[in-house]
Amino acid sequence: MNSDSKVTPLRPKRPCPECGKPSARDTFPFCSTRCKDIDLNRWLKGAYVIKARDDEEEPDTDEPK
């Protein structure tokens with residue numbers, strides 16, 4: 001194999017969602033383990049919330065099955 005050949009990356013490079021530095025391969029899409037852990041901590045604390053649609057009805061938990 002020729003050493004001058006280029007390898008096409010499977011995914012485009014993009015900045016770290018936490019700090020904006022270039023992402024690293026080992027911690028993609030983050031730049032470091034630190035930024036990855038910060039994001040995980042936010043998920044575990046419940047800081048990120050996925051809102052339900054307004055047209056969805058919540059199940060009635062008061063009625064026995």
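The values are calculated or read from the model by the stated rules, or taken from the named source; none is laboratory data. What you see is a predicted model, and the numbers here were worked out from it, not measured in a lab. Backbone-built Cβ (ideal geometry, glycine too); neighbour counts: all protein chains shown.
Among the residues of the stretch 17-26, which ones are touching a strand residue (DSSP E or B) at 6+ places or on another chain (Cβ under 9 Å), modelled with pLDDT under 95 and surrounded by 12 or more Cβ atoms within 10 Å (Cβ to Cβ)?
Of all residues in the stretch 17-26, those touching a strand residue (DSSP E or B) at 6+ places or on another chain (Cβ under 9 Å) come to 21-23.
When the remaining residues are screened for being modelled with pLDDT under 95, the result is 22-23.
Passing the criteria: only Ser23.
Among residues belonging to the stretch 27-59 that are surrounded by fewer than 10 Cβ atoms within 10 Å (Cβ to Cβ) and of a type in the set (D, E, K, R), point out the one that is modelled with the highest pLDDT. Steps first, please.
To start, the set of residues in the stretch 27-59 that are surrounded by fewer than 10 Cβ atoms within 10 Å (Cβ to Cβ) comprises 43-59.
If we keep only those that are of a type in the set (D, E, K, R) too, we end up with 45, 51, 53-58.
Working: Lys45: 95, Lys51: 82, Arg53: 80, Asp54: 77, Asp55: 73, Glu56: 63, Glu57: 67, Glu58: 64.
Here the answer is Lys45.
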